[in-house]
Amino acid sequence: MKKPAETIPERVDLLVAGGVLLTMSDAMETFADAAIGISGGEILFAGSMRDYPELPEAAERIDASGKIILPGFINTHCHAAMTCFRGLADDLPLMEWLHNHIFPVEAKYVNRDMVYRGTLLAAAEMILSGTTTMADGYFHESSACRAAIEAGIRTVPAQGFIDFTPPGDEAVRNHIAVAEKFLGKWRDRSPLVTPALFPHTAYTCHKRTLKAVKAVARAEGALCFVHLAETAEENRVVRDATGLSPVRYAESLGILDPRTVAVHAVWLEPDEVRILADTGAAVSHSPESNMKLACGIAPIPELLAAGVRVGIGTDGAASNNDLDMVGEMNACAKIFKAARMDPTVMDAASVLRMATIGGARALGIGDRIGSIEPGKRADIVTIDCRKPKMTPLYNPYSQIVYSAGGADVSDSIIEGKVVMKNRRVLTLDLEKTMEDVEKIAAAVRKDLEERCVCRHG
Ligand SMILES: [Zn+2]
């Protein structure tokens, strides 16, 4: 995988040297005493220092000795701005949580400013825990794009669509116009942004909306996300309304294809794993949100065995309640072992693949990111192993999935730019970012207290 020594340039923008490199390439190559050269946001070479007689001069250098170097994590499903509602309502069933708590505060507080500030906070949290790409689905996504670019994090922003009443012709035309405008605005605008669309679910979007939004995505070659088969209740509601399970309903509408990401895919009948595989749809798995909302356990081993592309996502901070992909991997590696009484399912290396190259492929950008190989964009993180909890180091995959936490991520490079060095985020003022969301939360809190007083006299 490394380039021959004679092709190594004399100068690079950035050199990452030392440490153990996990490339996450298909061959799962690893290198000790790593050396990675980056220029113009691209990985030029990656291997072991021992193989390069002379390293190039570098404008900037990261010393990774004592650290593990790996591709940044790819969060394949979140609602970034929902950091504003973190901890607002917990320990409730999905439908009650959504309809009685989340939808009412969203109706009042979601606006451009809230999405911008909430997404900045999410970006800060994600950078600090090693995520370099987020697939975000929410409203006012142009504001989310601005925040992501400012933070320097790669994003697949998906403009959300929802119907609170069955949409007439004009509402459908409006959805189409919003979708086209969003994709048109962000296509080719920034190397960090790959715009997408997100009809919320089969029970909150009318079939006309689902079909229309997917048609725009298909015409533009954009990715389309949809929450699908998240709870038994959803399956019952969709079946009552349409006579079909959510997956069969989505299939009947023609919205499953290789540019669709089915989010959650928990309640699948055995032959529906085959439907997802045959249509080429990808799946985003959010074990912590599924556990917290008591949704159930998705058949991820079966989906992987059927050849479905599966990535890991945190879901929103209101249902998780953090955006830490290291914690998410830990949950993912353990939940199937406990449920199936089988310690061999979902081994650490497979889970780390899902959180990196697997996620990149689920999002259709596996040719650009997800592994550390020459020619790919440089999205790289390091994890500090010079800590009691990370000592000794026998198996770096196990160490990351079972021993590490998000706070052990030390450095982060996105699109060749260092956005965090020795845990200092270089792109954002963290204090201000937190303060701004605290101000939004203060208004929400006051509102909730008043509602509570009204209800109880
Ligand atoms: Zn979600």
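Couple of notes before you dig in:
- Test: residue in the stretch 276-284 that is of a type outside the set (K, R), in contact (Cβ under 8 Å) with a residue 12 or more places away in the chain and part of a loop (DSSP other than H, G, I, E, B): yes
- Verdict on K389 being more than 16 Å from the ligand (Cβ to nearest atom) and out of contact with any Phe, Trp or Tyr (no Cβ under 9 Å at 6 or more places or on another chain): yes
- Residue pairs whose Cβ atoms lie under 9 Å apart, separated by 6 or more positions or on different chains, with the first residue in the stretch 305-327 and without any contact (Cβ under 8 Å) to a residue 60 or more places away in the chain and under 14 Å from L94 (Cα atoms) and the second in a loop (DSSP other than H, G, I, E, B) and away from the ligand (no atom under 12 Å from the Cβ), are N320/R86.
- All conditions but one from (1) within 16 Å of the ligand (Cβ to nearest atom); (2) more than 15 Å from the chain's Cα centre (by Cα) apply to L304; the one that does not is (1).
- The residues on offer are R368, R353, R377, R361, and the sole one that is under 19 Å from the mean Cα position of the chain (by Cα) and without any contact (Cβ under 8 Å) to a residue 40 or more places away in the chain is R368.
- For V261: the one exception among (1) within 16 Å of the ligand (Cβ to nearest atom); (2) part of a loop (DSSP other than H, G, I, E, B): (2)
- Within the stretch 269-289, the set of residues being more than 16 Å from the ligand (Cβ to nearest atom) and touching a helix residue (DSSP H, G or I) at 6+ places or on another chain (Cβ under 6 Å) comprises E272, V273, I275.
- Residue within the stretch 58-79 that is within 30 Å of K181 (Cα to Cα), touching a residue at least 60 places away in the same chain (Cβ under 8 Å), within 16 Å of the ligand (Cβ to nearest atom) and in contact with a Cys (Cβ under 7 Å, 6 or more places away or on another chain) present: no
- Top-ranked residue of the stretch 264-275 - restricted to ones that are of a type outside the set (V, I, T) and assigned to a loop (DSSP other than H, G, I, E, B), ranked as surrounded by the fewest Cβ atoms within 10 Å (Cβ to Cβ): E269
- Residue in the stretch 302-332 that is surrounded by the most Cβ atoms within 10 Å (Cβ to Cβ), counting only those that are touching a Leu at 6+ places or on another chain (Cβ under 9 Å) and not in a loop (DSSP other than H, G, I, E, B): G311
- From L244, L256, residue being away from the ligand (no atom under 16 Å from the Cβ), assigned to a loop (DSSP other than H, G, I, E, B) and surrounded by fewer than 22 Cβ atoms within 10 Å (Cβ to Cβ): L244
- For the stretch 176-190, the set of residues classified as closer than 14 Å to A219 by Cβ and assigned to a helix (DSSP H, G or I) consists of I176, A177, A179, E180, K181, F182, L183, G184, listed by residue number.
- Looking only at residues of the stretch 86-97 that are hydrophobic (A, V, I, L, M, F, W, C) and surrounded by 19 or more Cβ atoms within 10 Å (Cβ to Cβ), we find that the one that is nearest to the ligand (Cβ to nearest atom) is L94.
- In the set (1) in contact with a strand residue (DSSP E or B) (Cβ under 8 Å, 6 or more places away or on another chain); (2) surrounded by fewer than 23 Cβ atoms within 10 Å (Cβ to Cβ), the condition left unmet by A378 is number (2).
- Residue, surrounded by the fewest Cβ atoms within 10 Å (Cβ to Cβ), within the stretch 29-85, restricted to residues that are in a loop (DSSP other than H, G, I, E, B) and of a type in the set (D, E, K, R): E54
- Condition check for V419: modelled with pLDDT of 95 or more, in the same structural domain as M24 (by TED's automatic domain parsing) and either within 30 Å of K337 (Cα to Cα) or of a type in the set (S, T, N, Q) (or both): no
- Within the stretch 134-159, being assigned to a helix (DSSP H, G or I) and polar (S, T, N, Q) holds for S142, S143.
- E234 buried (at least 20 other Cβ atoms within 10 Å of the Cβ), within 16 Å of the ligand (Cβ to nearest atom) and in a helix (DSSP H, G or I): yes
The values are calculated or read from the model by the stated rules, or taken from the named source; none is laboratory data. Computed from a predicted model, the values in this text were never measured in an experiment. Reconstructed Cβ throughout: ideal geometry from the backbone, glycine too, with neighbour counts over all protein chains shown.
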